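The values are calculated or read from the model by the stated rules, or taken from the named source; none is laboratory data. Predicted, not measured: the structure shown is a model, and the values here were computed from it. A quick note on method: Cβ atoms are made from the backbone with ideal geometry, for glycine too, and the neighbour counts reach across all protein chains shown. SASA here: full protein model, heavy atoms, side chains in, ligands and nucleic acids out. Shrake-Rupley method; radii C 1.70, N 1.55, O 1.52, S 1.80 Å.
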Amino acid sequence: MDTAMEQQKLEEMLDRAVREVTRRTAGVELFKTQEPPSGDLCTVYITFKNGFQSSLTLWGNISLLARMARSALREEHLTRQDLEDFSKEYFNILCGKIAALLFQATKVPARFSVPALYQGRFEPEGRSRQFVLTYMDDQRQGVQLVHHVPNRRHDDNEAENLYERGD
């Protein structure tokens, strides 16, 4: 197995990307917290198609995503389709930023699937959470970015928390 990045470095990279893309796309500042989002949630999900074996999931308060969409689209009234389109495009931009940062750090091109949107909290099958980054805005609405890795079929005692390259 070829490892490309330690977990701490990956977490810092994803944290920087989430905050920057959210601020630039929607004008919303996110702050790290331990309190997971609750209430009416949706999930946006991607898997890396080549380069890496991981996937990313964004769980977010629908009210926060709507606020972000209104700001980004400069529209006060949103349709359900507007919110769905914005959520997928926001995550597409975020994952594009992450893929670019991964390439800079590892020189491995990372391609990812088209973002899929689910109502509620979606957990991908065959994958385990490696880490979760949790954020809240100034109105106490939150999002979580979850890094998933494939479930291991056996217990190997390699260095823990490494981001794995796929071939």
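Values computed for the structure shown
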| quantity | calculated |
| --- | --- |
| Range in the chain, longest, excluding exposed GluC sites (Glu not before Pro) [loop by DSSP; at most 16 other beta-carbon atoms within 10 Å] | 77-124 |
| Student exercise, the chain dipole from Lys, Arg, Asp, Glu Cβ charges, in Debye to nearest 20 | 360 |
| Exposure rank, largest accessible area first [135, 45; 1.4 Å] | 45, 135 |
| Shape of the stretch 16-58, Cα gyration tensor, a/c cut at 1.5 | oblate |
| Relative contact order for the stretch 1-137, counting Cα pairs under 8 Å that sit 6 or more residues apart, in percent | 37 |
| Rounded tilt (10° steps) of 62-73 against the dominant C-alpha axis of the chain | 80 |
| Total lysine pairs whose alpha carbons fall under 17 Å of each other in the stretch 23-135 (8 or more apart, or interchain) | 4 |
| Three-way shape call for the stretch 78-135 based on the alpha-carbon gyration tensor, with the a/c threshold at 1.5 | oblate |
| 22, 106, 79, reordered so the largest accessible area comes first (probe 1.4 Å) | 79, 106, 22 |
| Computed [θ] at 222 nm, deg cm²/dmol, the chain (DSSP H ≥ 4; -39,500 (n - 2.57); rounded to nearest 500) | -12000 deg cm²/dmol |
| Order by protection proxy (mean Cβ within 10 Å, highest first), peptides 56-62, 90-96, 118-124 | 56-62, 90-96, 118-124 |
| Accessible-area order (highest first, 1.4 angstrom probe) of the listed residues 73, 14, 78 | 73, 78, 14 |
| Degrees, to the nearest 10: 80-106 long Cα axis against longest axis of the chain | 30 |
| Rounded tilt (10° steps) of 7-26 against the dominant C-alpha axis of the chain | 20 |
